[in-house]
Structure formats: structure tokens, C-alpha cells
Amino acid sequence: MVKVALLGASGGIGQPLSLLLKLSPYVSKLALYDIVDPQGISVDLSHINTTAECTSYSKDDLVDALRGSRVVVIPAGVPRKPGMTRDDLFKINAGIMRNLCECIVKTCPNATVLIISNPVNSLVPVAIETFKKNGIDGSNRIMGITTLDLVRAETFLGDYMNNSRVTTVGSNQFDKRRMHKVISVIGGHSGHTIVPIMLLKPMVYMMKPGQYDSLINRIQFGGDEVVKAKQGKGSATYSMAYSGYKFIEYILKSIQRESLEGLGYIPAYINFTKLTNGNDLSKKLNSNELEYFSIPINLTNGRIESIDTTILDKISEKEKEMVGKAIPELITNAKKGQRFIRNEA
Ligand code: NAD
Ligand code: LMR
């Protein structure tokens, strides 16, 4: 049985994600933690007749929330307002991430830690460095969730295909006929670091002139669309809760030793340097300096067993160019997170 702790449960993402986790047959205990007391959410959810047992924790109760957790999900932190970049959130959210990870590494160091808070490109390094500072290598189980980019890619590509939906993410629950793998997204989670990869290359030739470029742009800057539409009241929450849940489900299925076949080609933003095939990725990306990248992963028992670099074997010249543009920004973003922890000592 699996205990999941959700840190930031009272927020825009935290609330719908709590509901999805309460509905999950893979969760036996759901610990909701937030500095804004999530007690009301927990009592409300506990009236739903599914198995997950909900409990709530606030402020100084973080250790109790985390104790015994197998999976920890973190959407805690501030979201963007119009005119801001994700990087503008670093100062506040890096401190929050460090404090939460200090407690995770002491309370449930073997848990799989899934990071939603932005900027993902820098906060995953903050989490990994915090573990490292406490003598633990968490690189096979600390991951940034980039599934929203994949969900957007499938949705927006579907718009160009006469509105038929392309459902690779969790496709076993949807239209089985569309289980072909059409598009994926690698790199990072901000602007030009978000690199869509067309797996079914002929799709590009089927598009009208300009459509492919506008599809790429929409996938890379989809977050801005929501921030603008919410007019200062935050960023994506429902689509993120859905995407986050799809990724968490992937992890939970792996913990239950269920087959992940047919679930798609799901990437996560990780430190790949010590993982199986990590060297292979450095070689394919032609960079010795890059340590973090969003890439499809193979899981065993909810942890990364190896990374799957085959996606890079089939990329076009244009996609190669996009990867080349993403790498320097990814290096800078990761260094910012690493420095935040390393300079503290
Ligand atoms: P929100 O402000 O609605 O909710 C954040 C919650 O975190 C709040 O309830 C707040 O009380 C809580 N919180 C703050 N500090 C905390 C702490 N120290 N411990 C526990 N809880 C704490 O924001 P949101 O819309 O839910 O977004 C949360 C984060 O997720 C933002 O940083 C946002 O940019 C990011 N996000 C990421 C993706 C992605 O694709 N990875 C998508 C959407 C949003
Ligand atoms: C998104 O892609 O929607 C999130 O990263 C939130 C944001 O700030 O855009």
C-alpha cells in the first residue's frame, strides 16, 4: 500500500490534484500538507467512498505528513503573474523547495519526489543538491514533472488534425486506436527549453505552411496563454493537476509492478549524469556540462532504472537546432539551483 504526501495541497494545483489522488486505486494514504491548513479539503475528500485515507497537516506538522511516504509530490510555491518569467519565481520558491527537501531527506529519504513548482529547470537541482548536502544521492528518484508540455503538445497537435485528440499520455484509458506515438517533448520546462519532437515525421509534411512553427511556439509558450487569461490570478492549475496525476499514476503503477506498456513515452526532468545511459545522453547532446534534461525514463519500483535516449536518434535538423538552443539555457538554469545550495554551506 502506498502513502502519498502532497505538499502545497491547499493551492490551485493542490486542490484538484488532491481529488484525483483520492480517486486513485493506487493510493492507500493521502497526506495533505500546506502552510494554509488543508483540514477542510481533507475532511471534504474523506467523504468520498474510495480507499485512500486522507489526513491533513499544517505548519510544524511536516514531519508527520511525510513519515512513511513512498511518494512526495510538491506543487508548493508561488505561481506567475502576467509579465513574469518562471525564473522570476526562483527567489521565493527555491527557499521553499530547500526547506521541504531538508525535511524529506531526514524523514523519508527513499521516497520518490515529484516536483511541480517553478522554475522546474532550477528547482530540481535545488532538491538534488539538498539531498547531496545531506549525504544522499537522490538522482534516481527526484524528478521534475514536465508532463503538461506533453499533454499540451498532444492537444494542440490534435487541433491541427481536425480536432481528433492524440492521447499518448495514459492512452490506455482513452482511445486505444490512437495509441501510436505521435509527438513527445524533451529538454526543460520553460520557453525555448521546451523542445517538441515529432515522432511521426510525415505529420510535419501534412501541415500547411507555417502551421508547424506555430505549433512549436504554442507548445513552448502555452503556459503564457493561461497566465494571461487568468489576469493575475495564477497559472495553469486544472491542466497541471491532470498532467501531474497522469505522471504520478505512471510512478504508482510502477510501484505496484504493473505493466507500463502502452502508456506512452513519458519524459521527466532529471539529473541524468549517474543514471544508466547517462553517458550516452551526454554524447548524443554533445555536451559535457549539461547535467539536467527532460527525457523519457524507464521505471522500476517507482524509481528511474535507466533513461531512454532513442528519441534523439530520429530527430530532424530543425529539432536538433532547437535542442542546441535549449542546452545553454538549461545549463544556466541548473547552475542557478546548484549554486543556491552549494553557496549556503
Ligand atoms: P498556488 O499559489 O495556488 O498554490 C501554492 C500553494 O503552496 C499555496 O496553497 C501555498 O499556501 C502553498 N505553500 C507555499 N509555501 C509553502 C510551504 N513552505 N509549504 C507548503 N505549502 C506551501 O499556486 P499553484 O497555481 O498551485 O502553483 C504552484 C506552483 O506550481 C507554482 O510555482 C507554479 O508556477 C507551478 N506550476 C508548475 C507547472 C509545471 O508544469 N510543472 C504547471 C503549473 C504550475
Ligand atoms: C505552465 O506551463 O503552465 C506552468 O509552468 C505555469 C506557468 O508559469 O506557465
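Of note:
- Point-to-point label distance, residue 192-residue 134, nm (Cα→Cβ direction, 7 Å offset): 3.7 nm
- Too-long pairs where the Cα-Cα distance tops 28 Å, listed order kept, from 81/283; 284/336; 106/253: 81/283
- For q = 0.11, 0.15 Å⁻¹, Debye-computed log10 I/I(0) when each Cα of the chain counts as one equal scatterer: -0.68, -1.33
- Helical runs (DSSP H, four residues minimum) scored at -39500 (n - 2.57) apiece and divided by the length of the chain put the mean residue ellipticity at 222 nm at -13000 deg cm²/dmol.
- Antiparallel bridge percentage (DSSP; both residues within the chain; nearest 5): 40 percent
- Put a dot 7 Å past the Cα of residue 44, heading toward its Cβ, do the same for residue 19, and the two dots end up 0.8 nm apart.
- Accessible area of the range 271-325 divided out per residue, in Å², using a probe of 1.4 angstrom: 50 Å²
- Here each label is just a point 7 Å from Cα along the line to Cβ, and for residue 206 and residue 305 those points are 3.3 nm apart.
- Dipole of the range 221-339 computed with +1 at Lys/Arg Cβ and -1 at Asp/Glu Cβ about the Cα centre; of 275, 301, 331, farthest Cα towards the positive end is 331.
- Loop sites by DSSP among the GluC sites (Glu not before Pro) of the chain, restricted to those with at most 10 other Cβ atoms within 10 angstrom, leave 1-260 as the longest stretch without any of them.
- Sulfur and carbon atoms: percent of accessible area, the range 1-126 [1.4 Å]: 55 percent
- Less than 5 angstrom separates the built amide H of residue 305 from those of 298, 299, 300, all sequence-distant by 5 or more or on a different chain.
- Using a probe radius of 1.4 angstrom, the carbon and sulfur fraction of the accessible surface of the range 220-313 is 44%.
- Using a cutoff of 8 angstrom between alpha carbon atoms and counting only pairs six or more residues apart, the relative contact order for the chain works out to 18 percent.
- Efficiency of FRET between residue 85 and residue 298 - r from beta-carbon atoms, R0 30 angstrom, step 0.05: 0.40
- FRET E, pair residue 276, residue 92, Förster distance 30 Å, beta-carbon r, rounded to 0.05: 0.25
- The chymotrypsin sites (Phe, Trp or Tyr not before Pro) of the range 286-345 include none that meets both conditions, a loop assignment by DSSP and at most 15 other Cβ atoms within 10 Å of the site Cβ.
The values are calculated or read from the model by the stated rules, or taken from the named source; none is laboratory data. For clarity, every value in this text was computed on a predicted model and none was experimentally measured. Glycine also receives a Cβ, built like all others from the backbone with ideal geometry; neighbour counts cover every protein chain displayed. For accessibility, only protein heavy atoms count, side chains too; no ligands or nucleic acids. Shrake-Rupley method; radii C 1.70, N 1.55, O 1.52, S 1.80 Å.
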